[in-house]
Amino acid sequence: MENFDFASPTEFVFGRGAEERVGAKLAERGARRVLVHFGGESARRSGLLDRVAASLDAAGIEHLELGGVRPNPEVGLVREGVRLCKEGAVDWVLAVGGGSVVDSAKAIANGACIAEDVWELFETKRPNPDVLPIAVVLTIPAAGSEASKNTVVSNDELGRKTGYANERQRPQLAFMNPELTFTLPPFQTAAGITDMFCHLLECFFDDYGPVPVTDNLNLSLMRTIRAEAPRVLADPECYDARANLMWAGMLCHQGIAGVGRHEDWATHGLEHELSALDPSITHGAGLAVMFPAWMEHVHGENPGRFAQYGREVFGLAASGSVEADAWSAIDETRAFFASLGMPTTLGELGVAEEDIEGMMPTLRANKGVPFGSFKKLDLDDARAIYRRAL
Ligand code: NZQ
Ligand code: ZN
């Protein structure tokens, strides 16, 4: 097992009514003036924002609001949030929403504590020790940003979408009420399920040997997600399925499913170029297209790892040919995503062959070359994987 540093400082308040405890929990931690950050209309429409505001009022915590985070959040609104925090002496940022809102909140919490423009952190990836504390009321299980060390933000002017990692931006508090996810459209539920499953794939497939304690946890999460996904799509108000998926989404990306391994993350890099190219592309949908294509391209490095995954996650019987078993596991992966209603080709996302070359400069800038771990990829590999996905 590789050496690792791992800290998960997030306190989770999980279950029905979790959001009613926002005020009390923030007061316990000394919050006085909070920026409540949210997305489009869903949190307002459901009454969630009003309940959160009432909880803050009851605890005597002042709050100001900044809504309008779009999926694939953009740095323009982050800058607006930074300005509000600096001018308003805000001491906590509270994200009410999904990964996009949480990521925007993380960027704001960084930007509020530095003199430079916040994009400089995304550009240079330099460490930033000063970050406002962050709390999250999660409304969609997917990105795992409620406990992760990462934020991913787009800069439309530069045509880039890129991540920034900082241990200090892991949320301090995450309120997770599965009932809040009952209102998710089926497509968003499915994209979230795909995303969390892909976080496990990124950890499981790398160039390192077995790490049974991590691998078995990872495989067990994959099996759980596979089992819960059809339940929640058949019955969107099935509390237990929603609850299992919500907790799984956090476990898939807070770090524990990859510790002691190298991890890969090439496919996330390939997907982020798609949602930078067209911000209307949903991250999970992009992954559903790209992951099987990446698998086909790289599986020859270690087909046995794919065969193991096929056996343990999809219950495939060994055929006697490891190569054939690897292909079966890849086919099952694509079929699983398709069964959720996810796309299987770039064409369905509106991406064409002539778009591929235009993504190469930003892919190189964001990931460096070579990138990935299971197989070290260069830009020709990336081109080949995109072409497979067409
Ligand atoms: O904006 P509103 O109206 O709230 O609608 C949202 C949005 O349209 C809707 N939604 C969320 N909760 C809802 C709801 N609709 C009805 N009922 C609810 N309870 O869902 C849509 C998608 O929301 P978004 O926050 O974009 O989803 P997700 O959590 O999948 O986040 C995606 C973003 O996270 C990034 C992705 O790249 C993408 O930008 N990621 C962040 C990571 C991290 N920070 O660690 C890791 C991931 O790999 C990922 O890259
Ligand atoms: Zn992801």
message = Going by what's in this entry, would Ala115 be described as assigned by TED's automatic domain parsing to the domain that holds Arg29 and crowded, with 21+ Cβ neighbours inside 10 Å?
response = no
All positions within the range 356-388 that are open to solvent by 70 Å² or more (accessible area, probe 1.4 Å) and in contact with a Lys or Arg (Cβ under 9 Å, 6 or more places away or on another chain) = Glu357, Pro370
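Which is in contact with a Ser or Thr (Cβ under 6 Å, 6 or more places away or on another chain) and either polar (S, T, N, Q) or open to solvent by 20 Å² or more (accessible area, probe 1.4 Å) (or both), of Ala338, Ala324, Ala318? Can you show your working first?
On the way: Ala324 fails: in contact with a Ser or Thr (Cβ under 6 Å, 6 or more places away or on another chain); Ala318 fails: in contact with a Ser or Thr (Cβ under 6 Å, 6 or more places away or on another chain).
Going through Ala338, Ala324, Ala318 in turn, just one is in contact with a Ser or Thr (Cβ under 6 Å, 6 or more places away or on another chain) and either polar (S, T, N, Q) or open to solvent by 20 Å² or more (accessible area, probe 1.4 Å) (or both): Ala338.
Can you tell me how many residues within the range 23-52 are within 16 Å of ligand 1 (Cβ to nearest atom) and either surrounded by 14 or more Cβ atoms within 10 Å (Cβ to Cβ) or of a type outside the set (Asp, Glu) (or both)?
15
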ask   = Can you name the helices (runs of 4 or more DSSP H) wholly within the range 218-325 that have at least 3 residues being of a type outside the set (Asp, Glu), away from ligand 1 (no atom under 12 Å from the Cβ) and out of contact with any Gly (no Cβ under 7 Å at 6 or more places or on another chain)?
value = 239-253, 283-298, 303-314
task = Evaluate the range 208-216: report whether one residue or more is open to solvent by 10 Å² or more (accessible area, probe 1.4 Å), aromatic (Phe, Trp, Tyr) and modelled with pLDDT of 95 or more.
result = yes
note = Scanning the range 131-149 for residues that are within 13 Å of ligand 2 (Cβ to nearest atom) and free of Cβ contacts under 8 Å to residues at least 60 places away in the same chain gives Ile140
query = Out of the range 221-231, which residues are crowded, with 16+ Cβ neighbours inside 10 Å and either out of contact with any helix residue (DSSP H, G or I) (no Cβ under 7 Å at 6 or more places or on another chain) or under 19 Å from Phe6 (Cβ atoms) (or both)?
reply = Leu221
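The values are calculated or read from the model by the stated rules, or taken from the named source; none is laboratory data. Remember, predicted model here, so these are calculated numbers, not experimental data. Note that each Cβ is placed from the backbone with ideal geometry, even for glycine, and that neighbours are counted across all protein chains shown. These accessible areas exclude ligands, DNA and RNA; they are computed on the full protein's heavy atoms, side chains included. Shrake-Rupley method; radii C 1.70, N 1.55, O 1.52, S 1.80 Å.
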